[in-house]
Structure formats: C-alpha cells, structure tokens
Amino acid sequence: MPGIETFPDWFEKEAIGPIDKIELLTVRLPFVAPFGTSVAVWNCKEALLVRLEDKDIIAWGECVADPDPYYASETTSTARHMLKDFLLPELKPGLTLSRLLGQFGRVRGHQMAKAALENALLDLLAKRRGLPLHKLLGFPAKRIMSGISIGIQETIVKLLDKVAEAVATGYHRVKMKIQHGQDVEWVEAVRRRFPDLALMADANGDYTLADAGYLSRLDDFKLTMIEQPLSYHDIYQHSLLQAQLKTPICLDESIHDIGDAEAAIALKSCRVINIKQGRVGGVLEAIKIARLCVASGIPAWSGGMDETGIGRALNIQLQTAPGFTLPGDTSETSRYFHEDIVEPGVELARDGFIEIPPGPGSGVEVVADRLERYLLHRERFG
Ligand code: OSB
Ligand code: MG
C-alpha cells in the first residue's frame, strides 16, 4: 500500500489551471420523511453547492454543513463566508491541488467549507481527463456496500416497520438512531425481530460517562458498534467508556482530521471510525484516515450527511479507497428524496450492492430544471 500521504503524480505536479466561472448555490430539497436524531429533526436538506465551469466542463461540490449548528459547528452560512472571503481567494490557476490544500491549512477548522471546494476541484480535474474520480485517485472500480440510517421513530412499531423495509430492500447493515428514553428497549425490540441483522446504534453524543453502566446493557444485543455515544468533541472520555463496553465504539463527530483519528486509535477510544469526507476536510484527508485505519487494524466506513446526489456520488467514489471495509451510510436516493437534482440516482442491486456510475468525475449530472426547482440562492465569483 502507498504511504499514508501518497497520491498520484498530478496532485503535486499539475496545476489546477484556469476556471472560467465559479458559483455558490443554495438548494433545499424536501425529505420524503422527517429525519430525527438526538440533536435535531430535519425535514429537508439545505445544501451549499460549489459550481465550477470551464469550456465544456461543469464540476460540482457539495458542502455537507446544515443550515443549523446542531450536528457540527459549521453551517451553510459559515461555509459560504469561508469560501467567499478566505478559500476561493486562494484559488489560483498556477497552483497544484496539493499547494492549494496547503494554503487552506492556514484557515483553522472549517473542514466542511474546505471539503466543498476540494470536492468540486476533484470533479473538475477528473472530468478534464475524462476519468471517473476513483480512477483519478488511482483506485479500481468496485461495487459499493449499502447501509441505511433510520431516524428516531415515534413508536417501536414504526421503527420495526422501517427496519423491515430496509431488510427487504437488501441493505447490508441498518443503523438506528437512539437517544435518552429511546434506546435499550428499542434496540432490544429490533434485535428480537431481526436476530441476525448487522445492526448498530447512533447516539449523536446524547450520553455522558455517568451512563456507562446503563449503556453496557446494549452489550446484550450484538450491535456491530455504537456510534458517538458521548460528547461531539470528546476523545478521552470515549476511551474510558470503551474500556467498560463490549460493544465497539465508533467515533463520528469527534474526528475532524487524521490527528484526531490517531489520538482516538492510540487512546483506544473507539474500535471503528466513521469517515465523513466533509467533516474531515475532503476526500484526500478521508483517504489518509482510511489508510491509517488499515495500518492500525481499525475498520472504517463512509458516513453520510443526507447529501443530495452530488455529495452521495462523491461518497460512492471515495469508498473505492482501501480501508472502507464496512458498509457505510450509502442509501438509495428514494430513501431521502422524491426527486433529487442529479441523474443517475442511487439504487441497490438485488444483492444490496451499489454500482459506481460510469461517467467522468463523480459520475452524476445535475439536471437543470430540477436544480431550478429547488434553488434558493445563486451567486457568481470570478
Ligand atoms: O450522525 O451520522 C450521523 C445525517 C445527518 C447528520 C448526522 C448523521 C446523519 C446520518 C444519516 O446518520 C446518514 C445518511 O444517510 O446520509
Ligand atoms: Mg453519526
């Protein structure tokens, strides 16, 4: 395997080149059903998009931030501010992507804003070469495992219906959201009905170390993992909790870059890592973390942020990288939206796998009239 920092030659040798037109757009797509978590209930996906145009190429990036700061501190507004005032001004045609990302390093935090622009540039560079993104990154195509994240439901009966539907669709694993008051009993009910299901629970930081004894009751249900049980920026207390749980802990919110991943692995704070490329500053940082996971014997998977088809396509391309050994939050388009802004949408094959779309770049195309339908705001730069 290449070194953790090694990318194909173009990364350090080839200039990004001129870009005719840069735009930031905001879209809002209604969800088919509200998505409830311990931190918020979302009824729609509002996303900031980066659109790059050069000659006959149009490239896209999606910022995974929500309009609110309830999952992460970044929002669509902070990302717009960072892109406009600090990140886009660094984009010069003579720079390699490696140099540009180096410049981004001066800006502390704001990984989701950085990722959105990096994503769009990767789509552009791949399309210029007529290559699917995974090939530009040097990874062979493969079929991608699927997984679904089921939000907090009103009743256990409704939850069981949702899980049954996911199992019938063929998802490789089911994640259920939990929170205080909707946890042990709810997990137990799902496990009793689906004894062999690859099942995990995501708490989005709803518990404290004082709940360790209570959370250990989840050890009876063969969960593949419990995701982010403690605070959104904690690494240390998770190490104390992991020592008391049989169930593997998976960190999501706490991991912002490869340094956090190193700390979490060294402290034994988790046995699995959820790599969200947006949360860690982009696809290239995500690939590095996945390589670190391989070297450390830690399974990893690609987390989702209920992205539109633009971000979802990117997450699919990313999972060709070594280290994404577990099914991620990669679900069918119809599970989120009645209508998405891209084609082709994501569908599971009969065996639950997802094919990588064959087109260049991320492999999907934005459908103009759909974009118009869900567009809130459009602004041009450069
Ligand atoms: O915690 O993983 C999470 C969605 C939005 C914000 C946070 C999370 C999620 C999901 C859904 O669990 C993942 C998806 O289906 O894209
Ligand atoms: Mg999570």
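The values are calculated or read from the model by the stated rules, or taken from the named source; none is laboratory data. For clarity, every value in this text was computed on a predicted model and none was experimentally measured. Glycine also receives a Cβ, built like all others from the backbone with ideal geometry; neighbour counts cover every protein chain displayed. All accessible areas refer to the heavy atoms of the entire protein, side chains included, with ligands and DNA or RNA removed. Shrake-Rupley method; radii C 1.70, N 1.55, O 1.52, S 1.80 Å.
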>> Quick check on my filter: what residues within the stretch 34-81 are hydroxyl-bearing (Ser, Thr, Tyr), under 23 Å from residue 329 (Cα atoms) and either buried (at least 19 other Cβ atoms within 10 Å of the Cβ) or more than 16 Å from ligand 2 (Cβ to nearest atom) (or both)?
In response: 37, 38, 71, 75, 76
> Yes or no: residue 226 within 14 Å of ligand 2 (Cβ to nearest atom), open to solvent by less than 10 Å² (accessible area, probe 1.4 Å) and hydrophobic (A, V, I, L, M, F, W, C)?
Replying inline: yes
> For the subset of the stretch 85-98 comprising residues that are out of contact with any Asp or Glu (no Cβ under 8 Å at 6 or more places or on another chain) and surrounded by 14 or more Cβ atoms within 10 Å (Cβ to Cβ), which member is farthest from residue 9 (Cα to Cα)?
Replying inline: 86
> Looking at residue 287, is it buried (at least 21 other Cβ atoms within 10 Å of the Cβ), part of a loop (DSSP other than H, G, I, E, B), more than 14 Å from ligand 1 (Cβ to nearest atom) and hydrophobic (A, V, I, L, M, F, W, C)?
Replying inline: no
> Could you give every pair whose Cβ atoms fall below 6 Å, whose first residue belongs to the stretch 301-327 and is hydroxyl-bearing (Ser, Thr, Tyr), and whose second residue is in a helix (DSSP H, G or I), counting only separations of at least 6 or pairs across chains?
Replying inline: 302/315; 302/318; 320/134
>> I need the full set of residues from the stretch 290-327 which are surrounded by 24 or more Cβ atoms within 10 Å (Cβ to Cβ), part of a helix (DSSP H, G or I) and not aliphatic (A, V, I, L, M), in order please.
In response: 309, 311, 312, 315, 317
>> For the stretch 263-276: of the residues being within 14 Å of ligand 2 (Cβ to nearest atom) and under 26 Å from residue 75 (Cα atoms), which is surrounded by the fewest Cβ atoms within 10 Å (Cβ to Cβ)?
In response: 274
>> For the stretch 1-40, which positions are of a type in the set (A, V, I, L, M) and closer than 12 Å to residue 306 by Cβ?
In response: 29, 32, 33, 40
> Would a scan of the stretch 11-19 turn up a residue that is under 24 Å from residue 376 (Cβ atoms) and touching a strand residue (DSSP E or B) at 6+ places or on another chain (Cβ under 8 Å)?
Replying inline: yes
>> Pull out all pairs, ordered by first then second residue, where Cβ-Cβ is under 7 Å, the residues are six or more apart or on different chains, the first lies in the stretch 167-194 and is closer than 23 Å to residue 351 by Cβ, and the second is among the β-branched types (Val, Ile, Thr) and open to solvent by 20 Å² or more (accessible area, probe 1.4 Å).
In response: 173/224; 194/167
>> Among the residues in the stretch 159-172, are any touching a Pro at 6+ places or on another chain (Cβ under 9 Å), more than 12 Å from ligand 1 (Cβ to nearest atom) and of a type outside the set (A, V, I, L, M, F, W, C)?
In response: yes
> Within the stretch 191-204, can you find the residues that are more than 16 Å from ligand 1 (Cβ to nearest atom) and crowded, with 17+ Cβ neighbours inside 10 Å?
Replying inline: 191, 197
> Pairs, please: C-beta under 8 Å, at least 6 apart or cross-chain, first residue over 29 Å from residue 187 (Cα atoms) and in the stretch 247-264, second open to solvent by 10 Å² or more (accessible area, probe 1.4 Å) and within 16 Å of ligand 1 (Cβ to nearest atom)?
Replying inline: 257/111
>> I'd like the residue in the stretch 318-357 that is touching a Pro at 6+ places or on another chain (Cβ under 7 Å) and not polar (S, T, N, Q) and, out of all such residues, is nearest to ligand 1 (Cβ to nearest atom).
In response: 326
